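Remarks on the structure that follows.
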Amino acid sequence: MARGPGAGGSGRPRVRFIPRFPTPPAEVCPVLRTRIRISLLVLTAASLTACSAATADDAKPPATASPDTPAKVTVAPPAAGRPMTVTASGGTLARVKVVDGDGGVLAGRTASGGGTWTSDRKAAPGTSYTVEVTARSAGGKETTSRSTHAIPEADTVNKLTLAPGKNTTVGIAQPLSIVFDRPVKNKADVERQLKVTTSDSTEGSWGWLTDYSGKDRVDWRPKEYWKPGTKVTLEATLDGTDSGGSGGWFVRDYRTGFTVSDQAQVVKVDLDTKKLTVQRDGRTVRTIPVSGGTPGGDKRSWRGTAVLMAKEGTINMNSETVGLGDAYDKMVDYSMRLTWSGMYAHAAPWNAAYFGRANKSSGCIGMSTEQARSFYDLVRPGDPFEIKGEDTKGTVAEGNGYGAWNVSWPAWKAKSALH
């Protein structure tokens, strides 16, 4: 075999190995490593720059209003039966004044912090309110605004009748009595608006009942008869109060006051002995022979405590008005009403033979004209008539005149809507 050039003495050919993936020359590797390192540094720097920029933007404080920017005042649209509210944002309420169309001020108070004002009273239907607000900015700058808000008229209005009349002097059994023209469903809401003030902190309670006329009624009576000389005031702040149901709204307030007589006078009627006794401060000052209602039928008298409602003088009494047919129709002198159902104390000269002897009237308490005249001058509305007798047609009902005294004190308190 021929030998290739450069063959050694062994006679074997030289073999040269060439790698399949050649290794870069030594001088090339550092350059690549440098380029890779630079690329990574550039990427890292870019990432860091992006993060740093976001953090800086997020940390910037939001823009704030100038301390002198006026506070924003909002008057909530008023609605009947709800308090009025005024709010301030970006500041506080310095003064709020609300006046109705008649010049009456709707008082209210500002909440802690000065951001909200609420009226003490409810807004009333059919009323226009002018709201004047002075607000103070964060920097102390004050601005004043004024707006007017009208509430539509009520579709239905409820009214009431108060007894006794204002500035009157009454006997020790006279209750405060309110009769409503229309039904009262929201009795608790109405009762909350009735405030009784007495000169001697008399204990008493409201009680809801049905008047003899069929209307809703609420009376306030003391636990016991009034102390002589007590002064009583009622404030019925009902304007803007809803009766509920079909009763309608109250659109005004009411106020009355009276004084209790300085003498504790009680009239006691004993139908068994046919005798009427007047006691004043526990002492008997008059005894009168009388004739009460005829026993055994519809002409009997009522028993229990009745209250003298009114001194009506000379009136026509007709039996048909009290369900007794044509038993009588006559003019009667010195008439003193005790119940709505028609029981009176009065002069009854036609029964003269029976005074102190027999009960022969048509339910009333009769006496001679002379006795009736002096007795009429002696008593006053509000005096209690404590009537007893074996043969009567029952106890005076609470709504038949002023029969509240025939109800026990616990039972009377239970008649309050707030009990």
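What follows draws every value from the coordinates through simple rules; no lab data is involved. Just so we're clear, the structure is a prediction, and the values are computed from it rather than from any experiment. Positions of Cβ are generated from backbone atoms using ideal geometry, with glycine treated the same way; all protein chains shown enter the neighbour counts.
Odds and ends about this structure:
- Residues listed by number, segment 201-218, amide nitrogen under 17 Å from H419 label point at 7 Å toward C-beta: 204-211, 217-218
- DSSP beta bridge pairing in segment 265-404, given as percent antiparallel to the nearest 5: 75
- Net charge in the neighbourhood of I315 (other residues with Cβ under 13 Å of its Cβ; Lys, Arg +1, Asp, Glu -1) is 0.
- Subset of K274/K299; K159/K195; K122/K166 violating a 19 Å alpha-carbon distance limit: K122/K166
- Remark: segment 166-174, residue by residue, has Karplus-estimated 3J(HN,Hα) of 5, 6, 9, 10, 10, x, 6, 10, 5 Hz, where x stands for each Gly or Pro and the curve is 6.51 cos²θ - 1.76 cosθ + 1.60 at θ = phi - 60°.
- For segment 72-150, size of Cβ-based charge dipole, Lys and Arg +1, Asp and Glu -1, in debye: 200
- Kirkwood Rh and Cα Rg combined as Rg over Rh, evaluated for segment 72-150: 0.97
- Each principal axis of the Cα cloud of segment 265-404 was evaluated for its coordinate range; sorted largest first, these ranges are 42, 32, 27 Å.
- Approximate spin-label separation W340-T143, in nm, with each point projected 7 Å along Cα-to-Cβ: 5.9
- With a threshold of 25 Å on the Cα-Cα distance, the over-threshold entries among K360/K388; K187/K311; K231/K388; K97/K141; K227/K360 are K187/K311; K231/K388; K227/K360.
- Over segment 72-150, relative contact order from alpha-carbon pairs under 8 Å, at least 6 apart, %: 32
- The spacing between segment 147-175 and segment 76-130, judged by their C-alpha centroids, is 24 Å.
- Distance from the C-alpha centroid of segment 352-419 to that of segment 199-231: 17 Å, rounded to the whole angstrom.
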